[in-house]
Amino acid sequence: MTNMSKAIYTYLVLTLIADDKPGLVEALSKVIAEHQGNWLESSMSQLAGILRVSVSHEKAPALASALQELSDGWKLVVEQVEFIESQQQARTVNLSLVGNDRPGIVQEISHALAVLSINMEQLTTECSPAPMSGETLFRTKALLKVPQEIELESLQSVLEGLADDLIVEFGQSPN
């Protein structure tokens, strides 16, 4: 018996650039629902957005076509992705990291995680001024899939070892 199984998903990943106007999200969601797609996650601002939709493999081409027809005055890119997810023994962990900003910090963090076979499922970053000094702080929040055999204390040491000023915190995800 193995502790690994695989699930296959069909996703459409949409990248949108458009002037902000009422009804834009409603128009997208209507077409997605009409094609039995499921709006999974998105990040949208006034001018741009990215979203991930799950849909049956058979319905994906029709949904992609309908979305392209919908794009009146928008720049919309639709990519179909077949994703095979390995359900190996891994736990979901929330990462919160703060440190002084510098060029290459995202590459250093992502490299340290990749070397340990840790998958970064979500990543959010921002730079903002430090409250007292005004220096630029780099902040990231990430959702990680960490293999069971990796101790979080060891992972924290690896990440904090990238720079003296990095503060790393982990939280278990409810999933």
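The values are calculated or read from the model by the stated rules, or taken from the named source; none is laboratory data. As the structure is a computational prediction, the values presented were derived from the model and not from experiment. Ideal geometry is used to build each Cβ from the backbone, glycine not excepted, and the neighbour counts take in all protein chains shown. The protein model used for the area step is the full one, side chains on, heavy atoms only, and it has no ligands, DNA or RNA in it. Shrake-Rupley method; radii C 1.70, N 1.55, O 1.52, S 1.80 Å.
Is the shape of the range 45-127 rounded, prolate or oblate, going by the alpha carbon gyration tensor and its root eigenvalues a ≥ b ≥ c, with a/c under 1.5 for rounded and a/b larger than b/c for prolate? Oblate is the answer for the range 45-127, as a/c is 1.5 or above yet b/c matches or exceeds a/b. Taking every alpha-carbon pair under 8 Å whose residues sit at least 6 apart, the chain reaches a relative contact order of 24 percent.
In this Cβ point-charge picture (+1 for Lys and Arg, -1 for Asp and Glu), the chain has a dipole of about 380 debye about its Cα centre.
Using helices alone, I'd like the mean residue ellipticity at 222 nm for the chain: each DSSP H run of four-plus residues gives -39500 (n - 2.57), total over residue count, nearest 500.
On the way: 4 runs with 42 residues, N = 175.
Rounded to the nearest 500, the figure is -7000 deg cm²/dmol.
Placing dummy labels 7 Å off each Cα toward the beta-carbon, the span from Val106 to Ser154 is 2.9 nm.
D for the chain, whole µm²/s, Stokes-Einstein with Kirkwood Rh over alpha-carbon pairs at 4 °C and 1.567 mPa s: what number?
69 µm²/s
Taking the 1.4 Å solvent-accessible surface of the range 29-127 as the whole, the part contributed by carbon and sulfur is 51%. Placing unit charges on the Cβ atoms of the charged side chains and taking the dipole of the chain about its Cα centre, the candidate lying farthest along the positive direction among His111, Pro22, Leu144 is Pro22.
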